[in-house]
Amino acid sequence: MESFVTELLTLLFAALRSATPVLAVVLGEAMTQRSGVINLGVEGQMLLGAMTGFAVASISGDPWLGVLAACGAGIALSMVHAILVLGCRANQIASGVAVLILGGGLSAYYGIPFVGNKIDTLGNLNHTFVSDIPLLGQFLGPITPTVLITLLAIPAISIFLFRTRTGLRWRSTGESQEITRNLGHSPVPYQLAAIAFGGLMSGFAGAALAVDYTANWVEGMTAGRGLVAVGLVIVARWNPWYALPAALLFGASEALNLKLQSWGVPISPYLLATLPYLIPLSVLMLSYRGLRASGGGMPAGLRVVFQSAR
Amino acid sequence: MEIQLYNITKRFGEVTANDGISLDIREGEVIALLGENGAGKSTLMKMLFGLYTPDEGSILVNGRETLIDSPQKAMSLGIGMVFQQFNLVPALSVLDNLLLAYPRPPFWTFRRLFGEGASQQNVLAYLEELAPGLDPNTLVRDLSVGQRQLLELVKVLNLNAKVLILDEPTSVLPPQEAERLWGLIRKMAEAGRSIVLITHKMQDVMACAHRVVVMRAGKMVQALTRENCSEASLVSLMMGDSSQRSDIDTHRDPDLAGKPPRISLRGLHANHGVQSIDNISLDIGPGEILGIAGVSGNGQHLLADALVGLVPLSRGEVIIDGVVLQSASRAPKTSDRVAYIPEQPAVNAVAGDLSLTVNVALSHFRQLRFFPAWGPEEEKTRDIIRRYQVRPDNPALGAGQLSGGNLQKLVVGRELEGPRDLIVAAYPTMGLDAGAAHDIYQALFTKAREGAAVLWISEDLDDLMSYAHRIAVLQGGRISGLFNPDQFDRLDIGRAMTGEHLPTADPAPAEPQARIAS
């Protein structure tokens, strides 16, 4: 019995660690979409963040500098989306895909010299007071700083979004740009901030993956996590609190995949590796059924994404 | 605060929306801006509110010429406007919506912190005065139209507005709520505010205006005090010519009146999105025009969609000449013998990127060949364009390039073309001037005399009472009243619209029987 609980807790905390990059992206993208902008480029921003973060960490020797650089890179790339969408009124889907591909290409090219480098990691909670906590200590110990920061972002975002004036206007921008404009607030600063915040979070997610979780840089290492996060935003109903279980779903399926492989389940590892994508997709379909009438909490302003500008 | 509009002119492209209009707005006075749709009332007031800037002329506030180039500027001057389309975010609460519009809202909006402080009292003060029972944490999407309008009014009052512009405030309200609003308007005027009431309804003018300014086709026709005008004189000023309701032959063909019903709705139930209809049973005879009255959003839209086969029924059936057209037991289908003029044809009845010819052909696409012969279709389109005076008159133009009113005429023309058993018309004259509306009613009645049954949905009680052969009232998805012409009474119908009581007329006949109007 005790070994089962231990096993389950191990799986949960493993899920939390592997879910952290996805969680950060879900939080960022949910905030972006709450302002009425959809950014499919988060995957590219994540890759560029991961590459930049790893490169800076490897050159400077300071992983924290790498995390900062990754956030900067995420914001910088998201500004391409901002310029195209807010400045040129380009189609958001097309612009997002362009950012995705741009991020993939840039990170692949500039990342070549850093493949195989070794970097110092951010460390974890082992050897702090936490590891002395009875029973839970062994699980809390391996938790890394990016996990904590991402978890802390949830209440911070939620307070900002639901309990401040700026958050209220942010939400109203996402519900209807037209109404917000009629009320005398320009939607553009909010959407710009929202895209930048999405960039920051996806850059950070890249760092969480490359600098913290794997301490490694490989071309295309995000492997679709960014795009899965866009889908998980729907599962999370654009709510920062629901983002945690939604992202854990991904993390748990990934941990399950590794567990199944280690148990030697006679299924091709290539097929098993699709689990983290198949399971959230099924949940997305199930959770979306019956929600269509109310839109599942979708910011009403997102509809303009699919309308051509007149 | 005194405001003078002096010689204001505004053009949109080639259209002159306002032509040299001068107007005084004085303290404590209610001015009714009266005119048909498209007369330029809203345009004029949008200039005062800073949404448009005049091409010529000037605006004087307290005697000083002032440039009002944005709504913020207007609001800082104490000018507020309540629009016909509400600026409310349905997914947010009443309090959130008020905070969004509040001039200096607190940064933290924690309910606990904020609950006891003075700021929430300030934000909610007018709400408590105008709607004492309304919980500020209710989501706006759960409010009735009347409540939403009150909320809009509270928003404007919160801005400390001295001049209130109300754009067609009673168009969405049932009569009782309209009366309450008139009282409110009078009270606000007594408190020293100036109120501009944009309207095309005589009752609004008679109920609360001190002065009436009549506009027609962008020009100011006349300004009168209320004492010096009668409804009839206002109507003729507003319409410009005497082509009135009276000259349409609204009588039912007596030969048709004795015949059994053509269309029977038997216990219709349907749900779609937030709307539902509940046990609707009606019969419509050949040549009969059945008016459906009701405040919008009470199931009219769904009833129409279910009849023509756009939405499945969950129970009940629709029978045309003894043949089942729609039934809950099978998938809904559309029919070439059923015409449908939906609300907002620009959105619901045409494909904006396709030409007028294609849009006309789409209504009978089943009869088109695999390689359609476009010549005859274009000829048909030209014919509709000519008869209904659609402008511009080029059938090759994309439908999206036409104005809403012209598209409306095109769609009506298209739907009334060819043999029809049932015509479902939702607000067929909305946004049209009196002349065009007259033509459309004329066409509708001609079609009815050929034997079609007409279900006509409208919010305009006056039109319904003058044209319809019978009126059924929809309230909360049910028929809350069925009126024969001798029972047509504004108040009774109004009560049925608000669901206050069920009138004496049998609301829904249990078994189909011919209910023929006299």
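The values are calculated or read from the model by the stated rules, or taken from the named source; none is laboratory data. What you see is a predicted model, and the numbers here were worked out from it, not measured in a lab. Every residue, glycine among them, receives a Cβ derived from its backbone with ideal geometry; neighbour counts consider all protein chains shown. In case anyone asks, the SASA skips ligands and DNA or RNA and just uses the protein heavy atoms, side chains included. Shrake-Rupley method; radii C 1.70, N 1.55, O 1.52, S 1.80 Å.
On a 0 to 90° scale, report how tilted helix B:374-387 is relative to the longest principal axis of chain B, with both axes built from alpha carbons and the result rounded to the nearest 10.
Its long axis makes an angle of about 60 degrees.
Could you compute the FRET efficiency for B:ALA223 and B:VAL15, with r as their C-beta to C-beta distance and R0 at 22 Å, rounded to 0.05?
Rounded to the nearest 0.05, the efficiency is 0.40.
Using only alpha carbon pairs under 8 Å that are at least six residues apart, calculate the relative contact order of segment A:2-308 and give it in whole percent.
34 percent
In whole Å, how far is the Cα centre of segment B:31-99 from that of segment A:3-78?
Between the Cα centre of segment B:31-99 and that of segment A:3-78, the gap is 46 Å.
Kindly write out, for segment B:463-475 in residue order, the coupling ³J(HN,Hα) from the Karplus curve 6.51 cos²θ - 1.76 cosθ + 1.60 (θ = phi - 60°), rounded to whole Hz, with x marking Gly and Pro.
4, 4, 5, 8, 10, 6, 7, 8, 10, 10, 10, 9, 8
For segment B:259-498, what relative contact order do you get, as a whole percent, if you take Cα pairs closer than 8 Å and at least 6 residues apart?
For segment B:259-498, the relative contact order is 27 percent.
Taking the 0 to 90 degree range and rounding to the nearest ten, how far is the long axis of helix A:92-111 tilted relative to the main principal axis of chain A, both from C-alpha atoms?
40 degrees
Any idea what angle helix B:175-190 forms with the longest principal axis of chain B, computed on alpha-carbon atoms, 0 to 90 degrees, nearest 10?
20 degrees
Let me know the whole percent of all Cα-Cα pairs from chain A that are separated by more than 33 Å.
24 percent
Let me check I have the definition right: for segment A:148-293, take the eigenvalues of the Cα gyration tensor, multiply each by 5, take square roots. What are those semi-axes in whole Å, largest first?
Semi-axis lengths for segment A:148-293 are 34, 19, 13 Å.
Tell me, what is the FRET efficiency for B:ARG315 and B:ASP55 to the nearest 0.05, using R0 = 51 angstrom and their Cβ-Cβ distance as r?
0.35
Between B:VAL324 and residues 5 or more places away or on another chain, which pairs have amide H atoms under 5 Å apart, with H built 1.01 Å from N, and which residues are they?
none
Ignore the peptide's own chain and count Cβ atoms of other chains within 10 Å of each Cβ in B:87-99; give me the average, rounded.
Across B:87-99, the average partner-chain Cβ count within 10 Å equals 5.
Taking amide H atoms as placed 1.01 Å from N in the peptide plane, list the residues 5 or more away in sequence, or in a different chain, whose amide H sits under 5 Å from that of B:MET215.
Amide H neighbours of B:MET215: B:LEU34, B:GLY35, B:VAL221.
Direction-averaged shadow area of the convex hull around the Cα atoms of chain B, nm²?
Across all orientations, chain B yields a mean hull projection of 26.3 nm².
Report the paramagnetic label zone for A:ARG181: residues of segment A:75-115 whose backbone N is under 18 Å from a point 7 Å from Cα along the Cα-to-Cβ axis.
A:83-92
What list of ³J(HN,Hα) couplings, whole Hz, do you get for segment B:64-80 from phi and the Karplus terms 6.51, -1.76, 1.60, once you set θ to phi - 60° and write x for glycine and proline?
For segment B:64-80, the Karplus-derived couplings read 10, 5, 10, 8, 9, 10, 7, x, 4, 4, 4, 5, 5, 7, x, 10, x Hz, x marking Gly and Pro.
Skipping prolines and chain starts, which residues have an amide H placed within reach, meaning under 5 Å, of the one on B:ALA17, given they are 5 or more residues away or on another chain?
Under 5 Å from the amide H of B:ALA17: B:LYS10, B:ARG11, B:PHE12.
Go through segment B:343-430 and name the trypsin sites (Lys or Arg not before Pro) that are in a DSSP coil and have 10 or fewer other Cβ atoms within 10 Å of their Cβ.
Qualifying residues, ordered by number: B:ARG369.
Within segment A:1-107, which trypsin sites (Lys or Arg not before Pro) sit in a loop by DSSP and count at most 12 neighbouring Cβ atoms inside 10 Å?
Answer by residue number: A:ARG89.
For B:THR446 paired with B:ARG386, estimate the spin-label separation in nm (one decimal), with each label point 7 Å from Cα along the Cα-to-Cβ line.
Between B:THR446 and B:ARG386, the simple spin-label model gives 1.3 nm.
Report B:ASP353's accessible area, 1.4 Å probe, all protein chains in place, as a number in Å² to the nearest 10.
About 130 Å², rounded to the nearest 10.
Need the list of lysines near B:LYS10 for cross-linking: C-alpha distance under 27 angstrom, and skip anything on the same chain fewer than eight residues off.
B:LYS41, B:LYS46, B:LYS73, B:LYS162, B:LYS201, B:LYS219, B:LYS409
Would you compute, from DSSP H runs of 4+ residues alone, the mean residue ellipticity of chain A at 222 nm, taking -39500 (n - 2.57) per run and dividing by the full residue count, rounded to the nearest 500?
It lands at -22000 deg cm²/dmol.
Rounded to whole Å, give me the distance from the Cα center of segment A:219-291 to that of segment B:284-320.
Value for the Cα centre distance between the two parts: 46 Å.
Starting from the Kirkwood Rh over alpha-carbon pairs, what translational D in µm² s⁻¹ does segment B:232-382 have by Stokes-Einstein at 20 °C and 1.002 mPa s?
Estimated diffusion coefficient is 116 µm²/s.
Just want to confirm a number: the relative contact order over chain B, from Cα pairs under 8 angstrom separated by 6+ residues, in percent.
15 percent
Residue-wise, which Karplus ³J(HN,Hα) couplings in Hz belong to segment B:288-304, taking 6.51 cos²θ - 1.76 cosθ + 1.60, θ = phi - 60°, and x for glycine or proline?
8, 10, 9, x, 10, 9, x, 6, 4, x, 9, x, 4, 4, 5, 4, 4
Counting partner chain Cβ atoms within 10 Å of every residue's Cβ in B:68-77, what's the average?
Neighbouring Cβ atoms belonging to other protein chains average 1 per residue here.
Sort largest first and round to whole Å: the equivalent ellipsoid semi-axes of segment B:366-436, each the square root of five times a Cα gyration tensor eigenvalue.
22, 17, 10
Would you mind pulling out the separation of the Cα centroids of segment A:112-140 and segment B:361-391, in Å?
What the calculation gives is 73 Å, centre to centre.
Which value, in Å² and to the nearest 10, is the accessible area of B:MET430 when all protein chains are kept and the probe is 1.4 Å?
Probe radius 1.4 Å; accessible area of B:MET430 about 110 Å².
Taking a spot 7 Å from the Cα of B:VAL347 along the direction of its beta carbon, which residues of segment A:165-183 have an amide N less than 17 Å from it?
What the label zone holds, given the 17 Å backbone N cut-off, is A:175-180.
Let me check the size of segment B:94-213 from its C-alpha atoms; what are the radius of gyration and Dmax in Å?
Rg, Dmax (Cα atoms, Å): 15.3, 49.
Could you run the Debye sum over the Cα atoms of segment B:259-498, one equal point scatterer each and no solvent, and tell me log10 of I(q)/I(0) at q = 0.13, 0.14, 0.18 Å⁻¹, two decimals?
-0.78, -0.90, -1.42
How big, in percent, is the set of alpha carbon pairs in the protein assembly as shown lying more than 43 Å apart?
Within the protein assembly as shown, distances greater than 43 Å cover 44 percent of Cα pairs.
Limiting things to C-alpha atoms, what are the Rg and the maximum Cα-Cα separation (Dmax) for segment B:3-239, in angstroms?
Just the Cα atoms of segment B:3-239 yield Rg and Dmax of 18.2, 58 Å.
Which aspartates and glutamates, if any, have their Cα less than 14 Å from the Cα of B:LYS447, not counting same-chain residues under 8 positions apart?
Correct list for B:LYS447: B:ASP249, B:ASP253, B:GLU288, B:GLU415, B:GLU417, B:ASP421, B:ASP439.
What FRET efficiency would be calculated for the residue pair B:ARG337, A:LEU140, taking the C-beta separation as r and a Förster radius of 60 Å, to the nearest 0.05?
0.25
Where does the longest stretch of chain B lie that holds no chymotrypsin sites (Phe, Trp or Tyr not before Pro) found in a DSSP loop with 14 or fewer other Cβ atoms within 10 Å?
That gives B:111-369 as the longest site-free run.
Pick out, in residue order, every one of the trypsin sites (Lys or Arg not before Pro) in segment B:271-349 that is DSSP loop and has at most 16 other C-beta atoms within 10 Å; say none if there are none.
Sites meeting the loop and neighbour criteria: B:ARG330, B:LYS333, B:ARG337.
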